[in-house]
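To start, the structure itself, in structure tokens.
Since every read-out is calculated from the coordinates, none of them should be taken as a lab result. These figures come from a predicted structure and were not determined experimentally. So basically every Cβ, Gly included, is an ideal-geometry build from the backbone, and we count neighbours across all protein chains shown.
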Amino acid sequence: MADPVYRRILLKLSGEALLGEADYGIDPEVLRRLAAEVHALIDRGVEVALVIGGGNIFRGAGLAASGMDRVSADHMGMLATVMNGLAMQDALEHEGVFTRVMSAVKINQVCEDYIRRRAVRHLEKGRVVILAAGTGNPFFTTDSAASPRSVEIGADVMLKATKVDGVYSADPVNDDSAFRYERLTYDRVLDERLSVMDATAIVMCRDQNMPIIVFDINRPGALASIVEGENVGTRVERG
């Protein structure tokens, strides 16, 4: 087993990643599998922060599209990410991993406020840090939260977990000619509007030189392979 090439990572999970085969909510088996994989990284000395979306419960943009006030809808989406964070914390603690949920909005009875120095200290002590409630502001996605958080905590790389094994030239489900990119530049992602993260997140990573690896979270062992430096998924970085 190779030594990890990354000391500290930020793993961005969509809320949909927790669905499993369900239509709504959280699949406990998926939660346990993800917690076990994160536990394995902690045992190898990798410091792990997570940002989890809330789309399996509420998606602010979707609620707004149905007529709800966008600010109220986004606040509901933020609370959904806190719910997912608490669920992941419970799963990790069942694995014996010390975990802290830190929220960008004040919910002191259930989790800590996000304070950058405190988050870094938790990571240094070997605790998993779950960064919830996005940026704390409406109109920003959890992708847009993951980008600055990865820079703030000094992560070596941001891992964007998806349901496909990287970034494709087209939708591989609907287009048999679609091919997977092994490497991309930030500018190419922006110019070609490739489905990686929203533009705000990509620009932040580009400006701060934060590499992104897009990979299939459902592939067993993918996380371990990435931290060992194997060529998994699609890497987005400067040209």
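Share of antiparallel DSSP beta bridges in the range 96-189, in percent to the nearest 5? Write out the running numbers ahead of the final one.
Numbers: 2 of 9 bridges.
If we restrict to bridges inside the range 96-189, about 20 percent are antiparallel.
To check you understand DSSP bridge types, tell me what percent of the beta bridges within the chain (both residues inside) are antiparallel, rounded to 5.
Numbers: 5 of 32 bridges.
Looking only at bridges with both residues in the chain, the antiparallel portion is about 15 percent.
Given labels modelled 7 Å from the Cα in the Cβ direction, how far is it in nm from VAL173 to ASP207?
According to this spin-label approximation, the distance is 3.4 nm.
For the range 5-83, state which chymotrypsin sites (Phe, Trp or Tyr not before Pro) are in a DSSP loop and have at most 13 other beta carbons lying within 10 Å of their beta carbon. Spell out each step's value before the answer.
Details: sites: TYR6, TYR24, PHE58; in loops: TYR6, TYR24, PHE58.
Here the chymotrypsin sites (Phe, Trp or Tyr not before Pro) that fit, given the DSSP loop and packing criteria, are TYR24.
Subtract the Cα-Cα distance of ASP216 and ASP27 from 0.36 nm times their separation in residues, and report this length gain in nm to one decimal. Don't skip to the end; give the middle numbers.
Values: separation 189, 0.36 × 189 = 68.04 nm, distance 1.74 nm.
Here the answer is 66.3 nm.
In whole Å, what is the distance between the alpha-carbon centres of the range 196-231 and the range 1-45?
The range 196-231 and the range 1-45 have Cα centres spaced 14 Å from each other.
Just going by the charge dipole of the chain, with Lys and Arg at +1 and Asp and Glu at -1 on Cβ, which of ALA40, GLY233, MET102 is farthest out on the positive end?
The residue sitting farthest along the positive end of the dipole is MET102.
Per the helix-only calculation at 222 nm, which mean residue ellipticity applies to the chain, given -39500 (n - 2.57) for every DSSP H run of n ≥ 4 and division by its residues, nearest 500 deg cm²/dmol? Don't skip to the end; give the middle numbers.
Values: 8 runs with 90 residues, N = 239.
Rounded to the nearest 500, it is -11500 deg cm²/dmol.
Looking at the chain, identify the longest residue range that excludes and avoids all trypsin sites (Lys or Arg not before Pro) in DSSP loops having at most 14 other Cβ atoms within 10 Å.
Numbers: sites that count: ARG7, ARG44, LYS106, LYS125, LYS163, ARG193, ARG238.
Looking at the chain, 45-105 is the longest stretch - no exposed trypsin sites (Lys or Arg not before Pro) with at most 14 other Cβ atoms within 10 Å.
Please identify the chymotrypsin sites (Phe, Trp or Tyr not before Pro) of the range 95-147 that satisfy two criteria: DSSP loop assignment and at most 15 other Cβ atoms within 10 Å. Which are they?
Working: sites: PHE98, TYR114, PHE139, PHE140; in loops: PHE98, TYR114, PHE139, PHE140.
The qualifying sites are PHE98, PHE139.
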